[in-house]
Each structure stands twice: as C-alpha cells, then as structure tokens.
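The values are calculated or read from the model by the stated rules, or taken from the named source; none is laboratory data. These numbers were taken from a predicted model, which means no experiment stands behind them. FYI the Cβ positions are ideal-geometry reconstructions off the backbone, even for glycines, and counts take in every protein chain you see. These area figures cover heavy atoms from the full protein model, side chains too; ligands, DNA and RNA do not enter into them. Shrake-Rupley method; radii C 1.70, N 1.55, O 1.52, S 1.80 Å.
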Amino acid sequence: MTTLAHAMMTAARSADSGLAGPGPGELDRYPYAETPGADRLGASAWDAPDPELGRVGRRTGGSRGRGLHGQLVQQLGQMIVSGDLGADRPLVPEEIGQRFEVSRTVVRESLRVLEAKGLVSARPNVGTRVRPVSDWNLLDPDIIEWRAFGPQRDDQRRELSELRWTIEPLAARLAAGHGRPEVQQRLADMVEIMGHALGQGDALTFSRADAEFHSLLIQVAGNRMLEHLSGIVSSALQVSGGPVIGCDRPNEISLAHHARIADALAAGDASAAEAAMRQLLTVHPEVERVVPAPREH
C-alpha cells in the first residue's frame, strides 16, 4: 500500500470514530449569553403552538466541526427543507435564540447564511420569512444534503443521478485531452486506495477516494463551468444511498470501471473514457429507469 493510501485510510477511520466534532444534542448546551434573564421570553413559540415543530427542532444534524453557528444553520436548514418550517412562515430571531439557547449574534449570522442559500428572506417591516422552494439554491451542497435525507429524498437522488449523467461522461471525454502526469498519478492513487479499502471492507475510505476521483476528473476537464459543478458531484456521492446513484457502493464492478476510466484518460482515449463513465453510472439496474443505456462508440 502506498503512503497516500495508508494516510487516507487512517484519516477516514479517525473521522469515523466521532472525534471530529460535537455530538448530537450539543447545540442545546450553549447559554443564551447576550440576553439578561428578564428579557427572555416566557413561553417559546417554537414549543407551545406547534408540537411537531418543537420535536423536530431538537434534532441535531451532523455539525461536521462547524461549531455552534454551523449547527444552528444545519438545524434550521433541515427544518425548512423538510417542510417543518413552511413557506412564508415568519422566523423571529428572539424566539429562535430562546428555542436553541444561542446568542443573538449566532442567530443573526445563521439567518444570513440561510438567506444566501435562498431559504429565507429578510425585509424591512416584514421580518425574516421562509421562502418557497422555487427560490432555493438547489445546487448548494447543504441543500442537496438536506433534501437527500428529508421527505424529498427520492426526488433529490433521482435528480442528482440525472445531473451526474449529464455532467460526468462529458467531463471524462474532455479530461482525456488534458492528461498531465501528476493528474494521472493522482487518479491512479485513488483507484489503488479504493482497491485496498474494498479488500478491507472500509466503505468510508472507499467513498472518500471515490469522491476525490470524480472531483479531480471534473477539475481537469478544462471547462471552468463544469469545474464549478464539481461540488454537486461530491455532494451526490456523500448523500448517496438510494437505489438511483450507482457508483458509490464498494464492489469489484465499480472498482473496475474506475480503473478503466483512469486507463482511458492516461491513453488519451476520449471515447473510451466517456463510455466507461456511462457504464460506471449504470452499475445498478435501478439507474436504467432514469437514464439511457451507455452509448456505443
């Protein structure tokens, strides 16, 4: 095993151990620091009139090491995307602060992040309200994740699969004309890491090498607009698990297709690289219901 492979597998195991960030429920341990006790609301609107909202509000998604601010963005984002906070619902910062026991500053910055994602809007004399789905930035990696693990999971995974079918075969074709030795070596390293991970049953390392392989391939395609979409592919691989996204599962067939792509890129064979990518994206028969069969060249 190469040094790179060993380091990547070790890092993956460390992250999987749960030491990378706060655990579930940690958000609720922080005090509402900036508001004196006399100014606190007596009955939270997040608890009393809407029992379902109160229940969902206590869920804490993976903070991924982003701290208190990131955790609040995660919670509110999940609640909006899942429909627990419906369109045009007012979001009162004071109520959010009391409900999650965080400072005004944390609430304010979290709402700004959500506004940048198109989930909420803040207007004078109106306040902050949840925006309809048509206004959301559906290509935002966080929104992709929240949709993929919410009520819209089937639609999200199907849409991601269709989008990947459009992006990645073209990227593979273009990348074959931009082969640099260091890039070819990096792609080969990722295939090697996936092979070692498969042999050891290490799905986490396999998926991380898989994500880097696809991201790198798009980045070397020589098309800046495609490169801008590389985050979508990474997000798709991270949230995959539904039947329509087929190349994320550790198995010999998937590994073989990745190796074929790397070999085609090294040989500068654009048609073979595109065909191998199409075959990779249809490893599982369920995918064939949403995308056509690989083209013959």
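From most to least packed by mean Cβ count within 10 Å, the peptides 164-170, 204-210 give 204-210, 164-170. Within the shell defined by Cβ-Cβ distances under 12 Å, the residues around GLY199 carry a net charge of -3, with Lys and Arg each +1 and Asp and Glu each -1. The phi-based Karplus calculation (6.51 cos²θ - 1.76 cosθ + 1.60; θ = phi - 60°) puts the 3J(HN,Hα) values of the stretch 129-139 at 9, 6, 8, x, 4, 4, 9, 6, 7, 5, 8 Hz, whole numbers, x for Gly and Pro.
Would you tally the net charge around GLY231, using a Cβ to Cβ cut-off of less than 12 Å, leaving GLY231 out, and scoring K and R as +1, D and E as -1?
Numbers: positive: none; negative: ASP140, ASP142, GLU145, GLU227.
Charge balance in the 12 Å sphere: -4.
Ordering of 197-203, 264-270 by packing is 264-270, 197-203, highest average first (other Cβ atoms within 10 Å, averaged per residue). Note on GLN184 and GLU227: the model spin-label points, each 7 Å out from Cα along the C-beta direction, lie 2.1 nm apart.
For VAL126 and GLU162 in one chain, what is 0.36 nm times their gap in residues minus the Cα-Cα distance, to one decimal in nm? Don't skip to the answer; put the middle values down first.
Numbers: separation 36, 0.36 × 36 = 12.96 nm, distance 3.85 nm.
Length difference between fully extended and current span is 9.1 nm.
Assuming charge only on the beta carbon of Lys and Arg (+1) and of Asp and Glu (-1), the dipole of the stretch 141-281 about its Cα centre is about 200 debye to the nearest 20.
Taking amide hydrogens as placed 1.01 Å from N in the peptide plane, the amide H of VAL120 sits under 5 Å from those of GLU115, ARG131, each at least 5 positions away in sequence or on another chain.
In what order, largest first, do LEU138, LEU255 sit by accessible area if the probe radius is 1.4 Å?
Details: LEU138 70, LEU255 30 Å².
Largest to smallest exposure gives the sequence LEU138, LEU255.
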